[in-house]
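Report on the following structure.
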Amino acid sequence: MSAPNLGLATTPERMRATRIDRFGGPDVIEFDRQPVPRPGPAEALLQVAYCGICRHDLLTRQGAFPRSLLPVTLGHQISGRIVELGSTVTSFVVGDRVMTMPLVGCGSCASCDTENDAHCLTDNPKFLGEDYDGGYAEYVVVPERALVAVPADVPLATASILTCTFGTAYHAVVTRGELRPGELVVVTGASGGIGSHVVRLASALGATVVGVVSSAQNAEVALAAGASDVIVDPDRRFAEELRTRHGRRADLVCDVVGAPTLRESLRSVRTGGRVVVVGNVLGTEATIPPAYLILKEISLLGTKSCTRQEMLAVLELVRAGTISASDVDIHPFSEIPALHQQMEREGISGRAVVAIAGAELAGAGF
């Protein structure tokens with residue numbers, strides 16, 4: 001994918017950016033004018049079109065990851081175009097439409113050789129918007145290995161959120177869960193940002209999906225995402241209801257809630273089935289009976305992020321119309337602190353995205 005040269009002549013010396021220099025509430029996000037960064041040999045400079053706002057951003061801002069670089073610009077769900085390349089970059093050209101992977105490995109270990117940077121063996125993988133400056137800015141420098149080309153018919157606003165939605169779902173459902181068409185799949189937290197995309201993907205790939213939610217209102221969200229059935233169970237005792245309704249236990253359970261539902265997820269899966277733990281919303285520890293794993297030979301699996309090859313597969317599914325992302329709720333750049341505040345207080349339906357140069361790039365054919 002290529003475009004006319006759009007190099008340094010079109011790149012200003014300074015840019016709008018947000019910065020945090022301490023951990024705290026939304027008020028620590030400050031707007032500033034920063035020098036436009038320049039890429040190193042294996043990096044690219046992007047003009048940011050859109051940047052998604054993720055709950056991980058909130059946790060970083062609050063200090064949940066104290067090793068984070070300070071000061072730092074948040075934001076890891078980035079899409080845009082390349083405006084400058086480092087001297088050793090060979091996979092892209094100036095003008096390419098791209099999106100970012102959130103994790104960047106060392107580039108030399110066995111995991112990185114297979115483009116699975118989340119499993120980097122020689123060092124902790126680095127995180128955009130945490131170890132590197134992120135996309136709450138007009139321009140951002142990104143390592144070449146963290147870039148993924150976006151097909152021309154996939155909107156950049158949609159592309160910006162795909163790693164944390166369908167990328168995570170694909171790795172959990174297809175790679176770790178080894179989903180096969182016709183299987184019965186249970187998804188806990190089926191109305192949430194990740195859970196609803198797990199439902200969308202599993203359903204699109206031919207599974208019968210049963211969502212588990214805590215309220216009737218959330219049930220509507222899970223059904224709209226493609227669930228065949230929804231169990232409303234605020235008490236998290238859904239295993240017997242599943243068996244009553246469907247006459248059997250699940251082949252695969254994707255547990256997006258974690259500790260509060262994990263024991264019941266193990267009760268819900270058939271002998272020889274798989275339970276993939278996708279999230280842990282409370283961050284608490286879970287107690288499970290080893291007998292479940294031994295006597296039923298359950299495979300209990302973890303999952304983390306996705307690989308570049310998985311992301312390319314997701315982009316093709318989106319391009320072909322096999323799956324569709326949830327509604328993207330686009331906001332002005334100036335609303336970033338307010339969006340953090342709203343997400344902390346009451347959540348946001350859909351996926352919140354800030355438009356930084358989105359309209360400008362769309363008008364230029366991007």
Say whether the condition of being over 28 Å from I330 (Cβ atoms) and either β-branched (V, I, T) or touching a residue at least 60 places away in the same chain (Cβ under 8 Å) (or both) is met by at least one residue in segment 89-97. yes
Determine whether L184 is surrounded by fewer than 24 Cβ atoms within 10 Å (Cβ to Cβ) and either in the same structural domain as D117 (by TED's automatic domain parsing) or under 18 Å from V314 (Cβ atoms) (or both). no
Would you check if G258 is modelled with pLDDT of 95 or more, within 25 Å of T287 (Cα to Cα) and touching a Ser or Thr at 6+ places or on another chain (Cβ under 9 Å)? no
What are the residues in segment 11-64 that are surrounded by fewer than 13 Cβ atoms within 10 Å (Cβ to Cβ), part of a loop (DSSP other than H, G, I, E, B) and in contact with a Lys or Arg (Cβ under 9 Å, 6 or more places away or on another chain), if any? G24
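Determine, yes or no, whether D133 is of a type in the set (D, E), more than 23 Å from R319 (Cα to Cα) and crowded, with 18+ Cβ neighbours inside 10 Å.
So D133 passes the test.
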Of all residues in segment 284-313, how many are touching a residue at least 40 places away in the same chain (Cβ under 8 Å) and polar (S, T, N, Q)? 4
Options V269, V275, V281, V256: the member that is surrounded by 14 or more Cβ atoms within 10 Å (Cβ to Cβ), free of Cβ contacts under 8 Å to residues at least 40 places away in the same chain and in the same structural domain as A222 (by TED's automatic domain parsing): V275
Would you check which residues across segment 334-345 are buried (at least 17 other Cβ atoms within 10 Å of the Cβ) and within 20 Å of the chain's Cα centre (by Cα) and list them? I336, L339, H340, M343
When segment 103-123 is examined, which residues are found to be touching a helix residue (DSSP H, G or I) at 6+ places or on another chain (Cβ under 6 Å), part of a loop (DSSP other than H, G, I, E, B) and under 28 Å from V328 (Cβ atoms)? E115
Output for segment 68-89, where each listed residue is in a loop (DSSP other than H, G, I, E, B) and among the hydrophobic types (A, V, I, L, M, F, W, C): L69, L70, L74, V89
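The values are calculated or read from the model by the stated rules, or taken from the named source; none is laboratory data. Note that the structure is predicted; figures quoted are calculated from it, not measured. No Cβ is skipped: glycine too gets one built from the backbone with ideal geometry, and neighbour counts run over all protein chains shown.
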